[in-house]
Structure formats: structure tokens, C-alpha cells
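Reviewing the structure listed below.
The values are calculated or read from the model by the stated rules, or taken from the named source; none is laboratory data. All of these numbers come straight from a predicted model, not from anything done at the bench. Counting neighbours? That spans all protein chains shown, and the Cβs are built from the backbone with ideal geometry, glycine included. Heavy atoms of the whole protein, side chains included, go into the accessibility calculation; ligands, DNA and RNA do not. Shrake-Rupley method; radii C 1.70, N 1.55, O 1.52, S 1.80 Å.
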Amino acid sequence: MRFLHAADVHLDSPMRGLERYEGAPVPEIRAATRRALENLVALAIDEAVDFVLLAGDLYDGDWRDYNTGLFFSGEMGRLHEAGIPVFLIAGNHDAASQITKALRAPPNLHSFGTGAPETRVIEDLGVAIHGRGFPTRSVTEDLSRGYPQAVPGLFNIGLLHTSLDGRPGHEPYAPCNLDGLRAKGYQYWALGHVHQHELVARDPYVVFPGNTQGRHIRETGAKGCVLVRVEGGEVVEVEQRALDVVRWTICTLDVDDVRTPDQIYPLVERALIHAADAAEGRLLAARLRLSGRCRIHSRLHADHEHLLNESRALVPTIGADSVWIEKLVVDTQPEGAESQLSRDDAFGGLLRSIRDLELNEERLSGLSAEMEPLALKLPSALRTGDDPFDPSRPEYLHGCLEDVKAVLIERLLGRNDTPDRSG
């Protein structure tokens, strides 16, 4: 017996804020969740699996129109024609309270209720699948406690959308623990909600497949599902299979030895070529991160926009047509300007004052309040998404201050960041 376990499809996720990125391949990224679902269906048919499990968050909240539901129904129709049933639970994003539109379910789709756990038995396979969906977006109780004990003589699967005992970056919904899951006597727990693939345990198998398609830079690396093979009532293989069509990655470049901006571009070239090879033909959305202690720290901050555009100009020259540089982050530390900062004169004092300039929480809060009227006039797309531009947020203003300090020091020290040896 073989089955596919997937979760967190987030079909037609709005991907807010993409438009403000220069050159962003918006149509390709917006369509990525659909293409990933198509890849899931194709994999199920190619592998001739016995059934497919979807462990919640199929959608991303209410549909903007019926096309989202019609697309999903069409893909389930392909599985129906292949004789492959699908078992589905609702997660926090597609809870009963979140989805107001509905379409008639395809005949091969079995959606578990939200009021109490249910059990579906596939007699010819000797399988019992237990599941319960989210009735509301925020579920803080341990849903697994209500699941029944394993059906004797069958291969038991628990289908559950949960944060388990907590995972960074994910809301603590439907929390539970391994001991509680083991106590049910199931052979496999098919979990959803956590977007990173994780084989939590092998006795029994407790698995997060991760989401099927990364949606922003916090969801890097291969995304997809797991193909599970069962023999003699025991799991013998759990294999991760990639389904994503857009691969997000962070390329960290060590610039410790860099003395001029021109020395950075060969590093960018090599990093992008390596990342594009790893993406295996997918569209690559890459963030460049400059890290280390270097002499041109201030200059890198001051010339950020120029560095970003020069890096983007490299893309056509490396033979990687499907690469988009999402952002360049300067995360360096100063080196080589200490002699200027330690000068015992007015110039040195000014540099130290700029370096040590800080805004305390009270001043930041006050400045944020002053910026609120301006922030409200900005398009909502700018203030949302993975990297929001929101001057009313204290943490955003603090980040701007770091850039301002670097630019001021760069202008005062001069273009080469070299110590003044004239006395």
C-alpha cells in the first residue's frame, strides 16, 4: 500500500506586497500554489497511490471568487478518474468559520467533520483513517484527545492539523504531545500546520510534510509532500517529494575580505549559480545577505540600491533565466574605521555620537505615533506581506536608524573608508 500525505496547500494565497519589488515575477509566484497542487495530483497518478491525505489549510481563507473552488474540484476530478480517493480535514485557514462559499464535493473527496473526530475505513486496504477539522480559525484545545483508540487489525492513520508541542513561527493551534499521540495506538500520524518538513518520530511515524509551495522568503528550500509505503501493516518508507515550482532561498555571502564593492559581484555570481543548480530548473527567488566584518561596511549601507541593481544585472550573464533577486540585505559589521572613531578631536567625537545614536522605546513610540498619519496614506500592499514598509512600526524605524547612521559615517569618512593619516 502507498499513499501521499500533503498539507498546507494555501491554494490561491494572495501573496501580498509582491508588486513593490522591482522586476518581481508576480504572475508566476501568484500561480505557484495552483501549479504545486497540479504536481501533487500528477505524482499521485504517476505513482498509482491508493489514496491521498490533505492535513488542513487547503485554502488561504475565504475565496475571492468561485474559481479557487472550481480549480480544486477539477484537480480532484483527475484523481477521481484515476480511482484515487482523497481524505481532507480543515485547518485554521480553511475552518468552517473562514470559508463562506461552498461547492458540491467531488465523489472521491471525503471531508471530515468539525464537531467531533470521525473514522473512515477502507475495507479492501485494511485502513482506518481518523480525523477532525477546525470548526473555527483559533483552536486552542488538544483535538487529539477526542480521537478514538486504534481499530484492531487495521492500519490506523490520524489526520490532524496541529502545532504539536510548539514550532517557531507557527500559532499554537490544537496543541498536543507525542505521548498523547502514541497512546492512541495508530501506526501513522499525518500532521499539518507546520510549513517545514519534519519526521518527528518513527514509533509510531509522526510526520509534518511541510507546505506544498513556499510563499515567501521565510519558507526556503524544497517544498512538497511525502510518499509513504506500507508493507505487512508497517511503514517501511517515508520519502519527501518536491512539488514546488518557485524555490525561495537565502544566499549568505561572507564579505570579511572584501575591500571594494566590485569584489562582491563575483561572490554574488557564484552564489546564484549554485542556488540555481540546486533549484533544478524552478524559478529561483533569492535573497542576498552580505555578512561579516569588513572595511566598507558603511559604504555598503550607503550604496545599497546600487549594489542590488548591479547584482540583478548579473543574472542574464550567468545563464540562469529563471532567477529573481528578491532583496539584498546588508548585515555586516564595521572594520577598519576604528582609528577615525577613536580620534581625540571634534571629528572623532561626531563619528562616535553618530555610531552611538539610539532611540529608546519612549522616543520610538512617540516617533511612530507621529508617522501614523503618513503610514495610513500608503497603499495597503506596501504595509503588508513578508517585508512590510510601515513607518508607524517602532521596529521598522529602528532599522532605518541603522541605515542612516551608516550613511552619515560613510559620507564623513569618505568613499574609501580609509583612515586619515595626514595627522
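Couple of notes before you dig in:
- Restricting attention to region 234-271 and to residues that are surrounded by 15 or more Cβ atoms within 10 Å (Cβ to Cβ) and of a type in the set (D, E, K, R), the residue that is farthest from the chain's Cα centre (by Cα) turns out to be GLU269.
- Within region 176-190, the set of residues being under 17 Å from ALA128 (Cβ atoms) and among the aliphatic types (A, V, I, L, M) comprises LEU181, ALA183, ALA190.
- Matching entry among ILE84, ILE157 (being assigned to a strand (DSSP E or B) and over 24 Å from the mean Cα position of the chain (by Cα)): ILE157
- Unmet requirement for ARG218, which otherwise passes all of (1) touching a residue at least 40 places away in the same chain (Cβ under 8 Å); (2) out of contact with any Pro (no Cβ under 8 Å at 6 or more places or on another chain); (3) crowded, with 21+ Cβ neighbours inside 10 Å: (3)
- Test for TRP248: is it over 19 Å from ALA31 (Cβ atoms), of a type outside the set (Val, Ile, Thr) and assigned to a strand (DSSP E or B): no
- Considering the conditions (1) outside any strand (DSSP E or B); (2) open to solvent by 10 Å² or more (accessible area, probe 1.4 Å); (3) more than 30 Å from TRP324 (Cα to Cα), MET76 is excluded by exactly one of them, (2).
- Qualifying residue in region 212-231 (condition: at pLDDT below 95 and over 12 Å from the mean Cα position of the chain (by Cα)): no
- Across region 177-205, the number of residues qualifying as over 21 Å from VAL246 (Cβ atoms), without any contact (Cβ under 8 Å) to a residue 40 or more places away in the chain and of a type outside the set (Gly, Ala, Ser) comes to 13.
- So GLU305, is it without any contact (Cβ under 8 Å) to a residue 40 or more places away in the chain, on the phi > 0 side of the Ramachandran plot and acidic (Asp, Glu): no
- Test: residue in region 38-60 that is under 21 Å from the mean Cα position of the chain (by Cα), surrounded by fewer than 19 Cβ atoms within 10 Å (Cβ to Cβ) and more than 23 Å from PRO135 (Cβ to Cβ): yes
- Residues of region 155-168 that turn out to be closer than 14 Å to ASN92 by Cβ and open to solvent by 30 Å² or more (accessible area, probe 1.4 Å), as a count: 1
- Sole exception among (1) hydrophobic (A, V, I, L, M, F, W, C); (2) assigned to a strand (DSSP E or B); (3) in contact with a Ser or Thr (Cβ under 7 Å, 6 or more places away or on another chain) for VAL235, by number: (3)
Residues are listed down the side, and each one gets a yes or a no for (1) assigned to a strand (DSSP E or B); (2) over 21 Å from PHE134 (Cα atoms):
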site	(1), (2)
PRO152	no, yes
SER163	no, no
ALA174	no, no
VAL200	yes, yes
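- Considering region 112-140, the residues that are without any contact (Cβ under 8 Å) to a residue 24 or more places away in the chain and closer than 24 Å to GLY61 by Cα include one that is surrounded by the fewest Cβ atoms within 10 Å (Cβ to Cβ), namely GLY115.
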